[in-house]
1. For segment 624-665, what is the accessible area per residue in Å², given a 1.4 Å probe and the full set of protein chains?
2. For the charge dipole of the chain, defined by +1 on Lys and Arg C-beta atoms and -1 on Asp and Glu C-beta atoms about the Cα centroid, which residue among SER53, PRO33, LEU410 has the Cα displaced farthest towards the positive pole?
3. Between LYS265 and ASP707, what is the label-to-label distance in nm when each label sits 7 Å out along the Cα-to-Cβ direction?
4. Over segment 299-405, with a single point scatterer placed on each C-alpha, what log10 of the ratio I(q)/I(0) does the Debye formula yield at q = 0.11, 0.19, 0.22 1/Å?
5. With a Cα-only, solvent-free Debye model of segment 157-237, what are the log10 I(q)/I(0) values at q = 0.13, 0.22, 0.23, 0.26 Å⁻¹?
6. Given a 1.4 Å probe, how much area per residue of segment 13-79 is accessible, in Å²?
7. Between Rg and the Kirkwood Rh of segment 458-511, both from Cα atoms, what is the Rg to Rh ratio?
8. May I ask you to evaluate 6.51 cos²θ - 1.76 cosθ + 1.60, the Karplus curve with θ = phi - 60°, for each residue of segment 623-638 and list the ³J(HN,Hα) values in order in whole Hz, giving x for glycine and proline?
Amino acid sequence: MGNRRKKQTNTNGSDRGAKQVQPLILDFLGEHPGRGYQIKQILTALGVRDKNSKKIVTEAIFRLEDIGAIKKLRNGSFSLDKSEKETITGTVDFVNARFAYVTPDGGDEDTADIWVSIDDTNGAMDDDKVKVVLKNKKHGKHAEGKIVEVLERNRDEFVGRLEMSSRYAFVISDFRKMFYDIFINLKDLNGAKHNDKVIVKITQWPERNKKPEGVVTRVLGKAGEHNAEIHSIIAEFGLPLEFPEGLETAAESISDKITKAEIAKRRDFRNVTTVTIDPFDAKDFDDALSVQKLPNGNTEVGIHIADVTHYVTPNSELEKEAVNRATSVYLVDRTIPMLPERLSNGLCSLRPNEDKLTFSAVFELDENANIKNEWFGRTIIHSDRRFTYEEAQERIESGEGDFAEDINHLNKLALHLKDKRFKNGAVNFETVEVKFVLDENGKPLGITPKERKDAHKLIEEFMLMANKRVAEFVFKKGTRDKPKTFVYRTHDNPDPEKLNTFSNFAVRFGHKLDVERQGISKSLNALISEIEGKPEQNVLQQLAIRTMAKAKYTTAENGHFGLAFDHYTHFTSPIRRYPDMMVHRLLQHYLDGGKSVDKEETEELCIHASEREKRAADAERASIKFKQVEFMAMAEDKVFAGIVSGVTEWGIFVEITETKCEGMVRMSDLTDDFYEFDEQNYRVIGKRNKRIITLGDNVDVRVKATDIDRRTIDLTFAEDDRKSPRAGSAHK
């Protein structure tokens, strides 16, 4: 939608009038500090007589009270609040329809969020920038506050389903943290019909007892239809539906001719055996591997990456759009690319039997994959063969077929690299990912797990090595006092408190975890190996990942805990990640002897890229959840084996083992007893029958209902499972 972070605006006439008279009210009360005045007295003092003006001034008085500028006395009169209240700026995080938190700006992880009741949110929405004042009380361990001003709106458009009545309409937002329905005048429907998915632009923000109001700006289609729902997700997360006008034409105009002068600037690998290995349905090939035996018995391996920055020049329109998007987004049925197809699938795609411009990391390795020499620079290659992962895997397993010797030699070196990485403390985070089999209309026919075999890991190890060595190369070019500004990919050590919580989770499944800092990596790897193939594998792996800090882009020279690297970057995917383009430019700049670049400007781009990466991941998850809900809606009355993956005061989350889909058994649907939530032990307990349902229990469930709009699956425990969880529960 391209409308994130909008300055607060309002087109409602009475709203403008109320704002205009607020200074008059404050001036009047300021002339009589400490004295209270009834609304009628204020109206008389301001000379307000007509009905409409009285309404505007009254509204202004209430708003001044809402933001804490004036206070209401016990007798119902109003006076100027002269007490100096410190305001804190921060970002709203709505938890549910009853309350939100405000995260103060500039705080660290130890800075406590401020609890705000829905009655004190002053029309603020999730992720808005606000001013908040503290009240003289606490809510649990959090200070309680009141939002007095919305400084900046995160968004002014929402996606949802239209409900119609004879006199008006309203939109039920898909966004889970939007707890208001949006009122729509019939004249503002823009052709939308009942049960359409629409984009609505807010014209009146919520206040007091009023719902937000808006106008329909785009009709996406009927709710529940594949394209309408996918377009809803695209709009919900503010992803672009198309490139700006003229951008694809600009991309088409770029010449594909490689001049002799350009070749002369580069190291030529066209006569060296070179292959790509990618998914069978890949359209862009941004990395290739070359391999050749050296006279001294060592092997030279080249990691060749598409030279995107040769074609996308600084300050060009292509560059600006790449910065804005920052990443390609992969939904269940489509890719939203960072770059136009002419670049991603054409000029920069390392297709077989074509000369291609690349940026390379070249290593001389001995038989144990120890690095003897390395070189970084621009190159030209000619790929001899495009392999799918399946074709490469066949050569690894059989030792037969074209290029089998080269691929097996690369695989042998990759296994050495992997062994060394884990010996150095890398953590083996491998989650079970699923892939949907869709028909021509996007309807899910089945769910299959994505397999990761040696061919996948072969490519991964060489990409990791290139990323690591590029980061180390640039880091060593600086000094301790004056490091060179660079883009790093960092991953902080896990929080000890979260680790302890995860350890308690693991114990409930019968597994032990060493949380001492020196042994964390080894213990996590042992746990991940131990649970492989077991029902709890996906649940525990997901919990382990949530325990870890989030990886991010930054100019800070920190390490990567998960990979056990002191320095790490992203060099290998410039077709789909803007930070990789930044890395290419910076690496060439330093290879040419350039001075350190502006750190602040680079850090701003890193923060932006990290935010865009999170947005892309959230959208990808939403599209997967949509298909999971659609698939489980066809389950009819089938009983599924599952595992309890979460316990809350309002319900029990269950991951279905067969499909990896997660749904909830609501507490209100547990009719055999009244269940109490034991937060300390992650379980619920029946008051009379003492039945315990806890994290990790094996259970049988049926699908009760699915909601495409909210992307939720409601489950019930199967009839034969009413009295107790299935035998083999973790808590027994």
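1. Numbers: 1570 Å² over 42 residues.
Result: 37 Å² of accessible area for each residue.
2. Value computed over the given set: PRO33.
3. For the pair LYS265/ASP707, the computed spacing is 5.7 nm.
4. -0.51, -1.15, -1.22
5. Relative scattering, expressed as log10 I(q)/I(0), comes to -0.33, -0.95, -1.03, -1.29.
6. With all protein chains present, segment 13-79 gives 59 Å² per residue.
7. Numbers: Rg = 18.0 Å, Rh = 14.6 Å.
Reported Rg/Rh, Kirkwood definition of Rh: 1.24.
8. 5, 5, 4, 4, 5, 5, 5, 4, 5, 6, 5, 8, 6, 6, 9, 5
The values are calculated or read from the model by the stated rules, or taken from the named source; none is laboratory data. Computed from a predicted model, the values in this text were never measured in an experiment. Positions of Cβ are backbone-derived with ideal geometry, glycine not excepted, and every protein chain shown enters the neighbour counts. Keep in mind that these areas ignore ligands, DNA and RNA; they rest on the heavy atoms of the full protein, side chains included. Shrake-Rupley method; radii C 1.70, N 1.55, O 1.52, S 1.80 Å.
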